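Novice: What follows is a single structure, and I will ask about it in a moment.
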Ligand SMILES: [Zn+2]
C-alpha cells in the first residue's frame with residue numbers, strides 16, 4: 001500500500017514513541033486527521049510549547065520551564081518548602097513514580113541515567129551539584145533510589161563514595177527490589193516497602 005509522503009513521515013515519527021509500533025501509530029494518525037480541530041491542533045500547540053519552554057535543569061536534573069525556572073518545592077530554586085531529604089533517581093519517570101506513592105517528602109535529584117564505565121561530563125556535573133545541594137541545603141539524608149541493575153548499583157556505589165566525607169546519612173532502597181528491577185516498572189506496594197525498609201550505606 002502506498003502512503004502519502006506526509007503520512008508516511010508522521011507514521012515514522014510516531015512509531016518511535018515508547019510502546020507504539022507502526023500499527024498503533026497509524027491509528028493515532030487517523031484519529032488526529034479525523035479530529036483536526038479538536039485533537040490535532042491542541043496537540044500540536046501543546047507539543048510546540050513543551051519544545052520551546054521545557055528543558056532539564058542542569059543543576060538538579062528536574063524538568064523546568066524557561067518562564068518559571070526551576071522553582072517549586074521539589075526543585076532547586078526559590079525553595080518554598082524546607083526538606084531535609086534528597087532522593088536520587090535515574091530519570092524523571094522514576095521521580096513521578098515515587099511521587100505518586102506519597103511515601104517520600106523531600107527533594108529530588110535526577111541523574112539522567114546511570115553511570116557507565118566512562119562517566120559522561122554531564123553526569124559528573126550533576127553529581128557535583130548533588131554534593132553542593134547536600135551541603136547548601138543542610139540535607140540530613142540522601143536516599144539513593146537507582147535500579148537494581150548492575151548499572152544502577154554501580155551508580156549507587158559511586159554516589160556513596162562521592163558523599164562519604166560529608167556528614168550526611170546515605171541510604172539505599174531495600175533489597176525487596178527484584179534483581180534487574182527498574183524503579184519505573186515497580187508496583188506501588190513494592191516501591192513503598194523498598195522505601196520504608198531502606199538501609200543505611
Ligand atoms: Zn533545578
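The values are calculated or read from the model by the stated rules, or taken from the named source; none is laboratory data. Note that the structure is a prediction, hence the values are computed from the model and not measured. Quick reminder, even Gly has a Cβ in these numbers, built from the backbone with ideal geometry, and neighbours come from all protein chains shown.
Novice: Do the conditions hold for residue 70, that is, is it at pLDDT 90 or above and within 16 Å of the ligand (Cβ to nearest atom)?
Specialist: Working: at pLDDT 90 or above: no; within 16 Å of the ligand (Cβ to nearest atom): yes.
Answer is no for this residue.
Novice: Yes or no: residue 67 loosely packed, with under 11 Cβ neighbours inside 10 Å, in contact with a helix residue (DSSP H, G or I) (Cβ under 9 Å, 6 or more places away or on another chain), closer than 30 Å to residue 108 by Cβ and in the same structural domain as residue 90 (by TED's automatic domain parsing)?
Specialist: For residue 67, the condition - loosely packed, with under 11 Cβ neighbours inside 10 Å, in contact with a helix residue (DSSP H, G or I) (Cβ under 9 Å, 6 or more places away or on another chain), closer than 30 Å to residue 108 by Cβ and in the same structural domain as residue 90 (by TED's automatic domain parsing) - is met.
Novice: Name the one entry in 60, 76 that is within 12 Å of the ligand (Cβ to nearest atom), in a loop (DSSP other than H, G, I, E, B) and at pLDDT below 85. Walk me through it before giving the result.
Specialist: Details: 60 fails: at pLDDT below 85.
After applying the criteria, what remains is 76.
Novice: What do you reckon, is residue 24 within 17 Å of the chain's Cα centre (by Cα) and either away from the ligand (no atom under 16 Å from the Cβ) or outside any loop (DSSP other than H, G, I, E, B) (or both)?
Specialist: Against the criterion (within 17 Å of the chain's Cα centre (by Cα) and either away from the ligand (no atom under 16 Å from the Cβ) or outside any loop (DSSP other than H, G, I, E, B) (or both)), residue 24 does not qualify.
Novice: Do we have residue 107 as over 20 Å from residue 172 (Cα atoms) and either at pLDDT 95 or above or within 16 Å of the chain's Cα centre (by Cα) (or both) here?
Specialist: Against the criterion (over 20 Å from residue 172 (Cα atoms) and either at pLDDT 95 or above or within 16 Å of the chain's Cα centre (by Cα) (or both)), residue 107 does not qualify.
Novice: Continuing with the same structure: Is at least one residue of the stretch 32-53 touching a strand residue (DSSP E or B) at 6+ places or on another chain (Cβ under 7 Å), within 14 Å of the ligand (Cβ to nearest atom), outside any loop (DSSP other than H, G, I, E, B) and in contact (Cβ under 8 Å) with a residue 12 or more places away in the chain?
Specialist: no
Novice: Now, a different point. Suppose the filter is over 30 Å from residue 185 (Cα atoms) and in contact with a helix residue (DSSP H, G or I) (Cβ under 8 Å, 6 or more places away or on another chain); does residue 33 pass it?
Specialist: Numbers: over 30 Å from residue 185 (Cα atoms): yes; in contact with a helix residue (DSSP H, G or I) (Cβ under 8 Å, 6 or more places away or on another chain): yes.
Considered against the rule, which asks whether it is over 30 Å from residue 185 (Cα atoms) and in contact with a helix residue (DSSP H, G or I) (Cβ under 8 Å, 6 or more places away or on another chain), residue 33 comes out as yes.
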